[in-house]
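J.: For reference, the structure I am asking about is given below.
Read-outs throughout are calculated quantities, based only on the coordinates presented, and are distinct from any laboratory measurement. Quick caveat: nothing in here was measured; it's all calculated off a predicted structure. Heads up, the Cβs are rebuilt from the backbone with ideal geometry, glycines too, and the neighbour counts pull from every protein chain shown.
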Amino acid sequence: MAFFRRRKAKFSDVDMEHLPRHVAIIMDGNGRWAKRRGLPRKAGHAAGAETFRTIATFAKELGLSYLTVYAFSTENWRRPADEVASIMALLEKYLHEAIQTMAKDKVKMAFFGDLSPLPPHLQALCRETEEISKGYEGCQVNICLNYGGRDELVRAAKAFALDCVEGRADPGHLTQEALGNYLFSKGVPDPDLIIRPSGELRVSNFLLWQSAYAEYYFTDVLWPDFTKEDFLRAVSAYQGRSRRYGGV
Ligand code: IPE
Ligand code: IPE
Ligand code: MG
């Protein structure tokens, strides 16, 4: 018997005047969702892709400026080859569908991460979705694919070093802002709120630089079960926080 129900979060719980500008999500828990149902892990990834579709559309409806999701990390290659292949196949399916509905949905899409190890046709699809949607207004959805925060910082260090060697930059004048321009997230403001479903309380190499002052929200809900109400609950919790940025 359910003695205790999760309270249903509504639009009215959220102050629409003070929405976070940028929300990021670690889309975790697909495997456990499938396991609980006696299904293969790939069924969890398929269900997770549907949740992503729902939440991305909702972020735009709400009026957020940026949604960044962690879809595949630089460490996720350690998984069995058939699981990796099923994730890549789902991505391909998702991108084909996104391209078909883009003119209607008008969600601007971008990719953070080194796409070069991905199958060439998948890389081409990523570039195509970015290209088609680049003029769209409203929410920008950043999909982190083969993304790792440490990898991103090493890449930035290499690119900066090369600019120094070739005379385009000067180490003595490097600022935080200038370093930020070497990251995948160039031009995107830092996330205000980072949501991690699935009960894990760790960062797992996500947005290490950008999360310096992000507010974290953790929930036990597994990503495929994550609803618009869960999203609003996270936004509402965020709105109750006092962000001090080191001040008083
Ligand atoms: C997140 O779900 C999806 C990816 C990391 C690609 P998981 O597959 O990590 O699900 P759990 O953590 O095993 O439940
Ligand atoms: C983080 O989840 C990566 C993504 C959600 C894409 P993981 O499942 O890979 O993280 P760990 O292994 O639990 O830290
Ligand atoms: Mg996981």
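J.: Need one word for the stretch 90-137: rounded, prolate or oblate. Basis is the Cα gyration tensor (sqrt eigenvalues a ≥ b ≥ c); a/c below 1.5 gives rounded, then a/b vs b/c decides.
T.: oblate
J.: Would you mind calculating the gained length between H18 and I99 on full extension (0.36 nm times residue separation, minus the Cα-Cα distance), in nm to one decimal?
T.: Full extension of this stretch gives 26.0 nm more.
J.: Please compute, over every Cα-Cα pair in the stretch 1-122, the percentage with a separation greater than 26 angstrom.
T.: Distances greater than 26 Å cover 32 percent of the Cα pairs.
J.: Same structure, new question: Among D105, D230, which comes first, then next, by fewest other beta-carbon atoms within 10 Å?
T.: Values: D105 16, D230 20.
Result, fewest neighbours first: D105, D230.
J.: Okay, next question. Applying a 10 Å radius around every beta-carbon, put 48-60, 196-208, 18-30, 125-137 in order of their mean neighbour count, most first.
T.: Top of the packing list down: 18-30, 48-60, 196-208, 125-137.
J.: Could you tell me which of the pairs K106/K134; K35/K228; K42/K108; K42/K134; K60/K108 are separated by over 19 angstrom between their Cα atoms in the structure shown?
T.: Numbers: K106/K134 10 Å; K35/K228 23 Å; K42/K108 27 Å; K42/K134 31 Å; K60/K108 10 Å.
In this structure, K35/K228; K42/K108; K42/K134 lie more than 19 Å apart at Cα.
J.: Looking at the square roots a ≥ b ≥ c of the eigenvalues of the Cα gyration tensor of the stretch 94-224, which shape do they give, rounded for a/c under 1.5, prolate if a/b is larger than b/c, or oblate? Working shown, then result.
T.: Details: a/c = 1.86, a/b = 1.23, b/c = 1.51.
Oblate, because a/c is 1.5 or more while a/b does not exceed b/c.
J.: Another question about this same structure. Describe numerically, in nm with one decimal, the distance between label points set 7 Å from Cα along Cα→Cβ at A89 and at A178.
T.: Each label point lies 7 Å from its Cα, and together they span 4.9 nm.
J.: If one computes the Cα centroid of the stretch 194-248 and of the stretch 123-178, what distance in Å separates the two points?
T.: Between the Cα centre of the stretch 194-248 and that of the stretch 123-178, the gap is 24 Å.
J.: Using alpha carbons only, what's the Rg to Rh ratio of the chain with Rh from Kirkwood?
T.: My calculation puts Rg/Rh at 0.97.
J.: Taking the Cα centroid of the stretch 30-50 and of the stretch 65-83, what is the distance between the two, rounded to the nearest whole Å?
T.: 15 Å
J.: Then there is this: Once label points are set 7 Å from the Cα along Cα→Cβ at both D170 and R150, what is their separation, rounded to one decimal in nm?
T.: 3.4 nm
J.: Give the shape of the stretch 117-156 as rounded, prolate or oblate, defined through the alpha-carbon gyration tensor: a ≥ b ≥ c are the square roots of its eigenvalues, a/c under 1.5 means rounded, and otherwise the shape is prolate if a/b is larger than b/c and oblate if not.
T.: It comes out oblate by the Cα gyration axes.
J.: Neighbour counts of other C-beta atoms within 10 Å: give me Y66, Y147 arranged from fewest to most.
T.: Details: Y66 22, Y147 26.
Fewest-to-most Cβ neighbours within 10 Å comes out as Y66, Y147.
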